[in-house]
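The values are calculated or read from the model by the stated rules, or taken from the named source; none is laboratory data. A quick note: this is a predicted structure, and the numbers were derived from the prediction, not measured. Cβ placement follows ideal geometry from the backbone for every residue including glycine, while neighbour counts extend to all protein chains displayed. The protein model used for the area step is the full one, side chains on, heavy atoms only, and it has no ligands, DNA or RNA in it. Shrake-Rupley method; radii C 1.70, N 1.55, O 1.52, S 1.80 Å.
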Amino acid sequence: MNGWKASLLCGLSAFVLGGNLAWADPAADARACDVLAASPHDSTRPADVAGVAADDVAGPAAVAACEKALASNPDSARITFQLARALALTGQQPQRVFDLDSKASAAGHLMATFNLAASYADGIVVPADPAKAAELRCKVAESGIVLAMSLCGRAYLGGEGIAADGAKAVFWLQKAVDGGDVTAAALLGRVYDEGKLAPADPVKAVALMEKAGRAEDHLWLAHAYEDGKKLPRDPAKAIAHYEAAIRQGSSNAANDLGYAYVEGLLGPQKLEEGVALLKRAAEKNNMYALHNLGRLSDDGKGMPKDAKAAADFHERAAYAGHIDSQLVVAKLYEAGLYRTKNLGTAAYWYVRSGEKTPEIKARLIELYKAGATIPATAPTYRFRLAETAAYAGIPAAQKEVAALYFDGVGVEKNAEKAIAWYERAVESGSTDAMVDLAYLLENGNGIAKDLNRAVLLLEAAAAKDNHYALRNLARFYQEGLTVPPDERRAFDLLQRAVDKGNVTALAELGYFFHVGKTVPADPAAAMKLYLRGAELGDPMAMNNLGYSLAVGEGVPANLNEGLYWLYKGTMLGGDWAPQSLGEIYDAGKAVPFDGAKAAEFYLMALKRKNTVARGILVDKAGAGLKPETLDAIQARLLKEGYSFTPAKGSLPPEAVQALGGYAG
């Protein structure tokens, strides 16, 4: 009795736990997968299943049904292929799709092999391999699958992964045409039209194009019947084919027929019908129609004469890519006949047109000389404008091309070409190029470090009153870089730089007066220079002015105004202003001590690579800062994801290491 009960329980367990397997219906499962995912091109599908077009496959449902079907039919190549198809059409699991297709293909399933070819052609999961794709497609073509015939013929036609062969291309394309492939019909029609891979045969070309019947095929036929070069001219047939293409949504056909009606190319002129067709094409942003409407508006032909409307049409056509309209718009902006005169916009359209005639090059050179600049939002066109002017020998353009190459703006980054252009610009007398090249030589950036030549370049540029050179050369004399330290010379250079409009030099010159270097200390004169620099947007001047006012250093204290300038300098990205704020809040200078704010500003200064902040936090491990500030610094680092064991009131080595990484 006990044994009977045990057997019964085991049987019930098998029924409950293994029911899906015990009661699986492989045929029903396969049927569900077939109905949802079978390919119309698969000859192995059941005879009563029509197959589902790719666009009509119900992705998730098909995947679920085919997963179940494969579980109960694990050796079915057809079901394996259909699961791969369903997954591929839903964009899921590309590696698994490839593996399933490979398995089905190995079992002899031709459509799986066909899909494998697509993986090799497109480089999906595996590296792109056009030769493998062509091999597989032509192998499947031999088995009578029409899609494979078409693609095999195309491979032979264009030499895609296989040696071009006109006879084989014609053979396979014709086989595909016989199987009803319209793309193959259009390709083969063009083969007979061009007469390159097979003898020209207009009759066959026309028959194939008519069989293909796509909008582009009707358009080809319309052109052929209109111009009478390939076929006997027949305006009625041309119109019929234009209209057939228009019914299929071809905006090019609407434009071409509209143009023909306006110009009377297919019989009596039909202005109203022609303009209506052009407007219909323009609604789809057809650049040819937009250009034609601009021309008609300008001429007052078939529509009111309206220069503004004409310019609007041309600008839309220009953005859509019509070269003639781009040149029209360029000339309008250059002459100030459309919206506001804008030489930069004019240059943009000249460059974008891609036209390189002597006339266009001359216009671009003149525009560059006149100060035309293309916005940074169009860097490629900006580079092309500068390059055109650079080859014409304009020093400023040569320097700009060098900078664009160095930064990789509008062109692939190339330090070697950048240096070559800088050298050309220097030879042409560009003092700005001398300054840039001196900077690169000083830092060994893109060129071997050479401080001696850097100084020579700065001296040459400074002799021509380049304010950047004057200011940079002053630094060389202050620091004694390859030249004897000479603070008086540095002061004189900074004074000249200020006189020539260098904003950064204001703070540096002010510091000489502030501390009495080479001149008697004159805090009032320093404050005037700092204020000028601050009002002109220099963060360093804001720092010097703000700190002096906040703590009353050499001038009467004015905390509110001092903090205003320090915070503004910080917001503008300066590295010294947050350093000063950190110092003020840590030391409690003129403000109550605030360790959290001190930590915030010290870390900000460190992030901006301030040398003093790095010296305090990294080199000296926070020596001199209040314990509460050091605790707050550690707390902020931990919050930002750095890992170390904090130490109360001091910076442990791990925290100092983290700060070094924080500084970058």
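Taking the Cβ-Cβ separation of His41 and Ala64 as r and a Förster radius of 35 Å, what is the calculated FRET efficiency to the nearest 0.05? Here the calculated transfer efficiency is 0.90. Look at the dipole of the chain built from charges on Cβ: of Leu637, Leu293, Leu470, the Cα furthest out on the positive end belongs to Leu470. Protein heavy-atom surface of the range 440-503, 1.4 angstrom probe: 48% of the accessible area is carbon and sulfur, with nucleic acids and ligands not counted. Taking Lys and Arg as +1 and Asp and Glu as -1, the other residues whose beta-carbon sits under 9 Å from that of Val146 total -1.
Entry comment: accessible area of the chain is 48 Å² per residue, from protein heavy atoms only and a probe of 1.4 Å. Here the Kirkwood formula, the inverse mean of 1/r across different C-alpha pairs, assigns the chain a hydrodynamic radius of 33.5 Å. Other residues whose C-beta falls under 10 angstrom from the C-beta of Pro646 contribute a net charge of -1, scoring Lys and Arg +1 and Asp and Glu -1. Each label point was placed 7 Å from the Cα along the Cα-to-Cβ direction; for Tyr439 and Asp306 their separation is 5.0 nm. Summing +1 for each Lys or Arg and -1 for each Asp or Glu among the other residues whose beta-carbon sits under 12 angstrom from that of Ala176 gives +2. The slack between Leu536 and Gln248, meaning 0.36 nm per residue of separation minus the straight C-alpha distance, is 97.5 nm.
For the range 146-275, carbon and sulfur atoms together expose 54% of the accessible surface, with a 1.4 angstrom probe and every protein chain in place.
Fully extending the segment from Val612 to Arg636, taken as 0.36 nm per residue of separation minus the present Cα-Cα distance, adds 6.7 nm. Potential lengthening of the chain between Thr340 and Lys284 amounts to 17.4 nm, from the contour at 0.36 nm per residue minus the alpha-carbon distance.
Between the Cα long axis of helix 26-37 and the first principal axis of the chain there is an angle of about 70°, rounded to the nearest 10.
Label-to-label distance for Lys229 and Asn452 is 6.7 nm, based on points extended 7 Å past Cα in the beta-carbon direction. The share of accessible area on the range 286-358 that comes from carbon and sulfur is 53 percent, using a 1.4 angstrom probe. With a simple spin-label model that places each label point 7 Å from the Cα along the Cα-to-Cβ direction, the separation between Glu416 and Val126 comes to 3.7 nm.
Determine, from the Cβ-Cβ distance of Ala107 and Thr377 and an R0 of 45 Å, the FRET efficiency 1/(1 + (r/R0)^6), rounded to the nearest 0.05.
For R0 = 45 Å, the calculated efficiency reads 0.25.
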